[in-house]
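**Student:** I am attaching a structure below and will ask some questions about it afterwards.
The values are calculated or read from the model by the stated rules, or taken from the named source; none is laboratory data. In this text, all values refer to a predicted model and were calculated from it rather than measured experimentally. Positions of Cβ are backbone-derived with ideal geometry, glycine not excepted, and every protein chain shown enters the neighbour counts.
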Amino acid sequence: MYTNFLVEKADHIATIVLNRPEKRNPVNEEMLGELEAILHSLRDDVASRVVVITGTGNAFCAGADLSVVRGVTDAAERQRIFARARNRRARLLGRTLSLLENLEQPSIAAINGFAIGGGWGLALACDFRFAVPGAQFWFPEVDLGVPLSLGSTARLCSMVGAARAKEIIITCDRYTTEDLFAWGMINRIVPPAQLVETARQFAARLLAKPPRAVTGSKLTVNTIAAVAARELSTVQPEVFMHHQAGEA
């Protein structure tokens with residue numbers, strides 16, 4: 001049914017699997033369109049009460065599909081092409097991750113490997129994050145000449161504070177599962193063979209709770225965490241938009 005995903009629904013759990021392992025499950029417009037459609041369908045799916053998202057192969061999601069700049073050797077031209085493609089993709093990515101974040105169902109990212117750029121953003125939009133030991137995370141956007149999206153920046157600031165968020169975003173350094181667990185960004189470190197099953201076991205624990213209380217608690221926490229993001233988007237929005245437009 002989908003080019004980029006496998007979707008399994010069983011025991012009130014919807015499992016969404018990114019399924020382009022040969023490309024390390026990249027983010028492109030087709031992938032985001034499919035994910036948006038899947039999430040829209042889950043909004044009206046009363047049988048699926050928890051969502052698990054994982055990937056195939058050795059990557060959860062390797063971020064932007066760089067095929068748009070394949071064969072372009074001039075660095076400045078690569079940056080211009082990537083920025084134009086990124087601006088189109090960013091709008092769809094922001095809308096899709098907001099949809100995921102605001103699902104009534106709690107969501108669990110079962111991170112089986114690399115989570116880069118939009119892939120890390122996808123994990124941040126989930127309510128819980130389980131990851132295999134040694135998985136790597138980074139945001140390469142600044143090195144590619146563009147700022148990180150507003151949504152992922154706000155989620156990162158909410159989780160680790162402004163100072164660490166600036167370091168993560170601006171240095172483009174790579175971090176491991178163990179780093180993020182120490183910072184409270186990863187809930188569980190799980191051996192690869194047990195990752196999805198552990199996520200489903202945790203999902204079963206959530207299913208045992210009163211559903212309205214689970215949903216209400218999730219949305220209340222989201223609302224409180226979103227206060228800073230709303231303030232960011234209203235205080236000086238022209239500053240952010242200026243920097244975005246300047247890279248197009």
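**Student:** Out of GLY145, GLY117, I need the residue that is at positive phi, in contact (Cβ under 8 Å) with a residue 60 or more places away in the chain and crowded, with 23+ Cβ neighbours inside 10 Å. Which one?
**Tutor:** Working: GLY145 fails: crowded, with 23+ Cβ neighbours inside 10 Å.
Answer to the selection: GLY117.
**Student:** Kindly provide the set of residues from segment 113-162 that are more than 27 Å from ALA75 (Cα to Cα), in contact with a helix residue (DSSP H, G or I) (Cβ under 9 Å, 6 or more places away or on another chain) and part of a loop (DSSP other than H, G, I, E, B), ordered by number.
**Tutor:** If the condition is that a residue be more than 27 Å from ALA75 (Cα to Cα), in contact with a helix residue (DSSP H, G or I) (Cβ under 9 Å, 6 or more places away or on another chain) and part of a loop (DSSP other than H, G, I, E, B), then GLY113, ALA125, CYS126, ASP127, VAL132, PRO133, GLY134, ALA135 are the ones that fit.
**Student:** Could I ask something else about it? Is it the case that segment 134-147 has a residue that's within 25 Å of ILE224 (Cβ to Cβ), of a type in the set (A, V, I, L, M) and within 18 Å of the chain's Cα centre (by Cα)?
**Tutor:** no
**Student:** On to the next question. Which residue is farthest from the chain's Cα centre (by Cα), if the candidates are limited to segment 26-55 and must be outside any loop (DSSP other than H, G, I, E, B), among the β-branched types (Val, Ile, Thr) and within 17 Å of ASP11 (Cα to Cα)?
**Tutor:** VAL50
**Student:** From the list ALA213, ALA163, ALA204, ALA135, exactly one residue is at pLDDT 95 or above, surrounded by fewer than 14 Cβ atoms within 10 Å (Cβ to Cβ) and more than 27 Å from SER48 (Cα to Cα). Which is it?
**Tutor:** ALA163
**Student:** Can I ask one more? Of the residues in segment 1-25, how many are in a loop (DSSP other than H, G, I, E, B), closer than 18 Å to ASP65 by Cβ and either touching a residue at least 60 places away in the same chain (Cβ under 8 Å) or in contact with a Leu (Cβ under 7 Å, 6 or more places away or on another chain) (or both)?
**Tutor:** Of the residues in that region, 4 qualify.
**Student:** Within the set of pairs 6 or more residues apart or between chains, which connect a residue that is surrounded by 11 or more Cβ atoms within 10 Å (Cβ to Cβ) and part of a loop (DSSP other than H, G, I, E, B) inside segment 70-94 to a residue that is at pLDDT below 70 and not basic (Lys, Arg) with Cβ atoms less than 7 Å apart?
**Tutor:** VAL72/ILE81
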